[in-house]
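Here's the structure we're looking at; comments come further down.
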Amino acid sequence: MTHKFMNTAPTLETPRLRLRHHRRADFDGYANMYTSHRAVHMGLLDKRQAWYSYAAEVGHWALMGFGPWALELKENKALIGQVAILWHDHFPEPELGWLLFEGYEGKGLAFEAAIAARTWAIENKITETLVSYIAPENHRSIALAKRLGAILDRQGKVVDRGDLVYRHLVPKD
């Protein structure tokens with residue numbers, strides 16, 4: 001499967017969100033999340049590690065032609081998190097992932113962003129498969145994966161031991 005290679009994230013719009021390429025100014029929000037209790041299911045990082053993680057994810061566009069989008073509220077341009085299609089070297093398969101900053105959960109924003117990212121990936125033939133790697137204790141992400149129609153794949157290969165693999169059904173041509 002081949003796709004149109006992109007070096008930066010295209011801007012996508014949903015009713016409430018703008019999904020856009022990350023900027024340098026977005027790093028503080030990303031770092032604050034990864035250095036706080038909110039990263040308990042993804043791995044707590046110090047600020048230096050968060051920088052490397054951020055740079056790797058933003059650079060994913062240049063290396064792979066897809067990657068993360070910064071999530072911005074249309075109404076006030078507030079940065080509220082990230083949604084991503086990632087296939088890091090150590091990932092068995094491409095992942096649809098999401099994270100929201102504190103105070104933005106429970107409003108359907110991650111669902112809205114994930115649908116937009118997944119739709120973009122399908123329309124641009126990024127992959128034939130998409131999974132979400134989720135810690136079993138991360139009940140909110142599991143609920144979102146199920147709401148997105150993903151099913152638990154007990155045979156799926158994991159990135160981190162103990163994670164669950166939720167498989168998104170990608171329609172075939």
Highest-MSF residue in the chain out of PRO68, PRO136, PRO15 [GNM, Cα springs under 10 Å]:
PRO15
Each label sits 7 Å from Cα toward the beta-carbon; between ASN7 and GLU102 the label points are separated, in nm, by 3.8 nm
Given the options ALA110, ALA25, ALA150, state which has the largest fluctuation in a GNM of the chain using a 10 Å cut-off (strictly under) for Cα springs.
ALA25
Charged-residue dipole, Cβ positions (Lys, Arg, Asp, Glu), region 47-173 about Cα centre, Debye nearest 20:
140 debye
With a Förster radius of 22 Å, plug the Cβ-Cβ distance of ARG48 and ALA135 into 1/(1 + (r/R0)^6) and report the FRET value to the nearest 0.05.
0.40
Under a 10 Å cutoff between Cα atoms, tell me which one of GLY103, GLY156, GLY81 has the largest fluctuation in the Gaussian network model of the chain.
GLY103
When the helices in the chain are scored as -39500 (n - 2.57) per DSSP H run of 4 or longer and the sum is shared across all residues, what 222 nm value do you end up with, to the nearest 500 deg cm²/dmol?
-9000 deg cm²/dmol
Placing +1 on each Lys and Arg Cβ and -1 on each Asp and Glu Cβ in the chain, then taking the dipole about the Cα centre, the residue among SER132, TRP120, MET6 whose Cα reaches farthest towards the positive end is TRP120
Global geometry of the chain, whether rounded, prolate or oblate, following the gyration tensor of its Cα atoms and the 1.5 cut on a/c
rounded
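Throughout, read-outs are computed from the coordinates displayed, never taken from laboratory work. What you see is a predicted model, and the numbers here were worked out from it, not measured in a lab. So basically every Cβ, Gly included, is an ideal-geometry build from the backbone, and we count neighbours across all protein chains shown.
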